[in-house]
Amino acid sequence: MSAKRPSGNVIFDNRDRIVIVTGGSMGIGQAITHAFAQSNARVYVADVNPPSHEQQPDNKSVTYLRCDTASEADCKAVVRKVVEEQGAVDVLVNNAAIQPPGSYHPIDRVPPEVWQRMIDVNLCGYQRMAAAVLPHMKRQHSGVIINLASGQAHRTAREVGVYGPIKSANVMQARQWGVEYARDGIRVLSVSPGAINTPMIRASLEEQGGGAALGNRHPIGRIGEPHEVASAVLWLTSDAASFVTATDLEVDGGLGSFGAFADPYPTPR
Ligand SMILES: NC(=O)c1ccc[n+]([C@@H]2O[C@H](COP(=O)([O-])OP(=O)(O)OC[C@H]3O[C@@H](n4cnc5c(N)ncnc54)[C@H](O)[C@@H]3O)[C@@H](O)[C@H]2O)c1
């Protein structure tokens, strides 16, 4: 076997940047939080649940603030606290979203309270947090907002009739806000992951045909890891992406380009 070739490396420096990550207590949000903290940002996790003990970063630059993004008051209180403490907010990552098992039905069988809660968190939560940080970003004439969307924003599957359309809206929120605030020095983007190894995806593995089958559907041959989404977010929020705004980045191991009509990859033994 030939020796592994060098593959390049990127080191981010987020010193003195003030970052808010919603849903940063676990999964992709937790990886984004760690990546920002490791690159010396000051990070505030706004989550309805605290990070579990073993997931707690040993880094003193991360602060947990309890926040239900379905609550206007909670969202405003988080941003007020961050700005009181730091005088600025440089990055908002809208990541907190839910996909409860009760939503995996055709829409005529999704209980109203389930889809209403998904709208409150997955759609309105993104808007509430963005609306709360934007006045500060406008005053600074700088800032970046990232909406975590999904491959299901772009193409659909059975039984995701609530989750998928809201994810499409998250993409359009980023495009609209990116256009609206471009001349205020603010960039807004969405990131659309394929299947990523998090508690959310592990909870729905059965509905998706099991872990091996789900990984095999991705041309790369596996599902993604949370740090691979975090790397994309760190790049997009950095000045290296200064001419990138009002668009979406799919971080999906090729899944989005693989046609439904294509021969499936052989099942790995
Ligand atoms: N995991 C995947 O494969 C995948 C794929 C595509 C897109 N996404 C998107 O990425 C984001 C993160 O997904 P994940 O898999 O890490 O999710 P997860 O369920 O593992 O973690 C979600 C986090 O959000 C928090 N949260 C839930 N409701 C909240 C609320 N009302 N207010 C504040 N915090 C709340 C939870 O406590 C948790 O810490 C979501 O927007 C999801 O739609 C995930």
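Every number in this text was worked out from the coordinates using simple rules, so none of it is lab data. This structure is a prediction, so every number in the text was calculated from the model and none was measured. Backbone-built Cβ (ideal geometry, glycine too); neighbour counts: all protein chains shown.
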| query | Among the listed residues Val62, Val133, Val89, Val45, which satisfies the condition of being more than 16 Å from the ligand (Cβ to nearest atom) and buried (at least 20 other Cβ atoms within 10 Å of the Cβ)? | reply | Val89
| field | From the options Val171, Val162, residue that is more than 22 Å from Ser257 (Cα to Cα) and within 16 Å of the ligand (Cβ to nearest atom) | value | Val162
| task | Just need a number here: residues in the stretch 92-122 that are more than 10 Å from the ligand (Cβ to nearest atom) and within 17 Å of Arg42 (Cα to Cα). | result | 1
| message | Just to be sure I understand the filter: pairs with C-beta atoms under 6 Å, separated by 6 or more residues or on different chains, first member in the stretch 186-202 and over 13 Å from Gly215 (Cα atoms) and touching a residue at least 40 places away in the same chain (Cβ under 8 Å), second member more than 7 Å from the ligand (Cβ to nearest atom) and hydroxyl-bearing (Ser, Thr, Tyr). Which pairs pass? | response | Arg187/Thr245
| message | Looking at (1) hydroxyl-bearing (Ser, Thr, Tyr); (2) assigned to a helix (DSSP H, G or I); (3) more than 14 Å from the chain's Cα centre (by Cα), which one does Thr156 not meet, given that it meets all the others? | response | (2)
| So Gly221, is it in a loop (DSSP other than H, G, I, E, B) and closer than 17 Å to Asn122 by Cβ | no
| said: Yes or no: the stretch 255-266 includes at least one residue that is assigned to a loop (DSSP other than H, G, I, E, B), free of Cβ contacts under 8 Å to residues at least 60 places away in the same chain and under 24 Å from Leu123 (Cα atoms). | reply: no
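Within the stretch 204-214, track down each residue that is in contact (Cβ under 8 Å) with a residue 40 or more places away in the chain and farther than 22 Å from Ser168 by Cα.
Here is the first cut: in the stretch 204-214, the ones in contact (Cβ under 8 Å) with a residue 40 or more places away in the chain are 204, 207, 212-213.
Hits for the stretch 204-214 are Ala212, Ala213.
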| field | Residues of the stretch 1-39 satisfying the condition of being within 15 Å of Asn147 (Cα to Cα), out of contact with any helix residue (DSSP H, G or I) (no Cβ under 8 Å at 6 or more places or on another chain) and among the hydrophobic types (A, V, I, L, M, F, W, C) | value | none
| task | Give the number of residues within the stretch 174-192 that are of a type in the set (S, T, N, Q) and either touching a His at 6+ places or on another chain (Cβ under 9 Å) or more than 12 Å from the ligand (Cβ to nearest atom) (or both). | result | 2
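Considering only the stretch 149-157, I want to know if a residue exists there that is more than 19 Å from Ile196 (Cβ to Cβ), more than 10 Å from the ligand (Cβ to nearest atom) and surrounded by fewer than 17 Cβ atoms within 10 Å (Cβ to Cβ). Step through it out loud before you land on a result.
Restricting attention to the stretch 149-157, the residues satisfying the condition of being more than 19 Å from Ile196 (Cβ to Cβ) are none.
No, the stretch 149-157 contains no residue that is more than 19 Å from Ile196 (Cβ to Cβ), more than 10 Å from the ligand (Cβ to nearest atom) and surrounded by fewer than 17 Cβ atoms within 10 Å (Cβ to Cβ).
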| First in the stretch 30-52 and over 14 Å from Ile18 (Cα atoms), second anywhere and among the β-branched types (Val, Ile, Thr) and in a helix (DSSP H, G or I), Cβ under 7 Å, 6 or more apart | Ala31/Val229
| request: Within the stretch 106-147, count every residue that is without any contact (Cβ under 8 Å) to a residue 40 or more places away in the chain and more than 26 Å from Leu236 (Cα to Cα). | output: 6
